[in-house]
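Input: a single structure, listed below in structure tokens.
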Amino acid sequence: MSQLQKKNEDFQGENIVRIIIVGCGKVGETLAAELSQEGDDITVIDRKEDKVERLCNAYDIMGCTGNGAGYSTQLEAGIKEADLLIAVTGSDELNLLCCLLARKAGNCQTIARVRTPEYSSELRYLKEELGLAMVLNQELATAMELARVLKFPSAIDIDTFAKGRVDLLRFRIPADSPLDQMTLNEMHSRLKSNVLVCTLEHGGEILIPTGDSRMEAGDVISIVAASREETPFFRKIGLQTNQVKNVLIVGGGQISYYLARLLCPAGIRVKIIERQMKRCEELCELLPKATIIHGDGTNRQLLEEEGIEQTEGFVALTDIDEENVILSLYAKKCGCRKVITKVNRLSFDEVIDSLDLDTRVCPRDITAESILQYVRSVKNSIGSNVETLHRISDNQAEALEFVIRDNFRMTEVSLQDLPLKPGILIASINRGGQIILPRGKDVIREGDTVIVITTRKGLNDINDILQIK
């Protein structure tokens, strides 16, 4: 494709961000899909014409075939007018070169995906010296997310805000839970816990609950709580809060390496099963505190020999989704306390959801989440920017953290009087390090950081929560 394939719809408005994505692999496609839905002007670059053409047709975006680190290719893609270039090819060095050239050729902001473990300790240096807006290591970010839930296994997902002071935890209500058939108002009066239920998933639907909303066994709820309040609340509802003692990981890729590096210092015993002998030898050198087993992790006899029935944490991290799903189902049958499944393809979401796999992780979604947060902040460089963004409940809702600046129209107005749009919940206020789980008479002040939970998409500024004519 020598000519730039034009988008059918002309973008208008001040909030359009012109973005070039180099690399049309899994992450590149996810970014193209997510950012085009945000209404941004997207151009993709890849050496393979068929990949470019497929993404252009699927998401109504522009495309250019060629070397993303080539000056002429970047010119054809519109680097002179671009606001942001995101390099997510399979080569770290190519990604860094793309960004370096883009800074010189177009003076735009740049984001590079850097995955090699050898670079992981140098990310800050690379960012500063090359002038990158962001450096992404999706394997390390995925491992950090997995480590959080293995240390708090009752949660399906854990997202952090306010520099670690506030957590959003998502968990399923078990059959014998005191929460079964309890309304939110009853929960607050009976349990006396300082947590806020912010989403309720029932029968495949998600809603922002009210005080009269009733919870049932099997529902998945999300709570916001200060870190010190989580353990007392989970104990009151009968869920375990102590970290797993041992973890069995199937698949010895980069996520497994990073995860073991995070778990071993915490006193968690780690075993990794890997098919390739060469990789086993590498892991033995890199992870002296972990046990590395050469073998086929899908072999039932091997799993039994390695003590799967005594394993508290099980993580399926092979490159094949189907293997991961089957392994996780078997681990649950064996009684593993915490089961985590890596899933890359999302074509059969509904089927996978029906299997009740506990925690499911998709590395490319974690990357897209970080970039989406940055792009929304770029759109609103003057106002109350998005500081943190997390997708929850399979992307059906978002949790966003805003810093309140002087452009917010409703400071010092009680929350009960705020004209909020439907599907919006103020979940937390951080005021100088004091975490406030808001009630009707609380107010938002300049300088606060505020967590908003919403089923609406595309919030860029705190004023977007208001329904003002």
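The values are calculated or read from the model by the stated rules, or taken from the named source; none is laboratory data. From a predicted model like this one, the values you see are computed outputs, not experimental measurements. Cβ sites come from the backbone with ideal geometry, for glycine too, and all protein chains shown count toward neighbours. To get the accessible areas, we keep the full protein, side chains included, count just its heavy atoms, and leave off ligands, DNA and RNA. Shrake-Rupley method; radii C 1.70, N 1.55, O 1.52, S 1.80 Å.
Just one of the numbered conditions (1) more than 18 Å from I21 (Cβ to Cβ); (2) out of contact with any Asp or Glu (no Cβ under 8 Å at 6 or more places or on another chain) is not true of Y119; which one?
So the condition that Y119 fails would be (2).
Working carefully through the options G106, G90, G63, find the one that is within 24 Å of the chain's Cα centre (by Cα) and touching a residue at least 24 places away in the same chain (Cβ under 8 Å).
The unique qualifying residue is G90.
Which condition number in (1) assigned to a loop (DSSP other than H, G, I, E, B); (2) farther than 20 Å from I221 by Cβ is the one that D356 fails?
Every listed condition holds for D356 apart from (2).
Looking only at region 218-236, which residues are open to solvent by 10 Å² or more (accessible area, probe 1.4 Å) and assigned to a loop (DSSP other than H, G, I, E, B)?
G218
If a residue must be more than 24 Å from V220 (Cα to Cα) and either free of Cβ contacts under 8 Å to residues at least 40 places away in the same chain or part of a loop (DSSP other than H, G, I, E, B) (or both), how many such residues does region 131-155 contain?
5
I'd like the residue in region 300-325 that is among the polar types (S, T, N, Q) and surrounded by 12 or more Cβ atoms within 10 Å (Cβ to Cβ) and, out of all such residues, is nearest to K245 (Cα to Cα).
Result: T311.
Give T210, T241 a once-over and let me know the one that is open to solvent by less than 40 Å² (accessible area, probe 1.4 Å), in a loop (DSSP other than H, G, I, E, B) and among the β-branched types (V, I, T).
After ruling out the rest, the residue left standing is T241.
May I ask you to list pairs of residues, at least six apart or on different chains, whose Cβ atoms are under 8 Å apart, with the first in region 168-180 being open to solvent by 10 Å² or more (accessible area, probe 1.4 Å) and the second being acidic (D, E) and not in a loop (DSSP other than H, G, I, E, B)?
Cβ pairs passing all conditions: R170/D157.
Being touching a strand residue (DSSP E or B) at 6+ places or on another chain (Cβ under 9 Å) and either of a type in the set (S, T, Y) or open to solvent by 50 Å² or more (accessible area, probe 1.4 Å) (or both): is that true of M215 here?
no
Filter region 41-67 for residues that are crowded, with 20+ Cβ neighbours inside 10 Å and of a type in the set (D, E, K, R); which is nearest to C24 (Cα to Cα)?
Among them, the one singled out is D46.
Is it true that S154 is at negative phi, open to solvent by 20 Å² or more (accessible area, probe 1.4 Å), modelled with pLDDT of 90 or more and in contact with a helix residue (DSSP H, G or I) (Cβ under 6 Å, 6 or more places away or on another chain)?
yes
Report whether or not A112 is in contact with a strand residue (DSSP E or B) (Cβ under 7 Å, 6 or more places away or on another chain), surrounded by 14 or more Cβ atoms within 10 Å (Cβ to Cβ) and touching a residue at least 60 places away in the same chain (Cβ under 8 Å).
The answer is no for A112.
In region 263-301, how many are assigned to a loop (DSSP other than H, G, I, E, B), in contact with a Phe, Trp or Tyr (Cβ under 8 Å, 6 or more places away or on another chain) and under 16 Å from F314 (Cβ atoms)?
0
What's the number of the condition E128 fails, among (1) part of a helix (DSSP H, G or I); (2) at pLDDT 90 or above?
Only one criterion in (1) part of a helix (DSSP H, G or I); (2) at pLDDT 90 or above is unmet by E128, namely (2).
Name the residue that is surrounded by the fewest Cβ atoms within 10 Å (Cβ to Cβ), counting only residues in region 181-194 that are without any contact (Cβ under 8 Å) to a residue 40 or more places away in the chain and either touching a Ser or Thr at 6+ places or on another chain (Cβ under 7 Å) or closer than 30 Å to M144 by Cα (or both).
First, pick out the residues of region 181-194 that are without any contact (Cβ under 8 Å) to a residue 40 or more places away in the chain: 181-190, 192.
From what is left, the residues that are either touching a Ser or Thr at 6+ places or on another chain (Cβ under 7 Å) or closer than 30 Å to M144 by Cα (or both) are 183-184.
Numbers: T183: 16, L184: 19.
Filtering first and then ranking leaves T183.
Would you mind stating whether Q373 is open to solvent by 50 Å² or more (accessible area, probe 1.4 Å) and either part of a helix (DSSP H, G or I) or aromatic (F, W, Y) (or both)?
no
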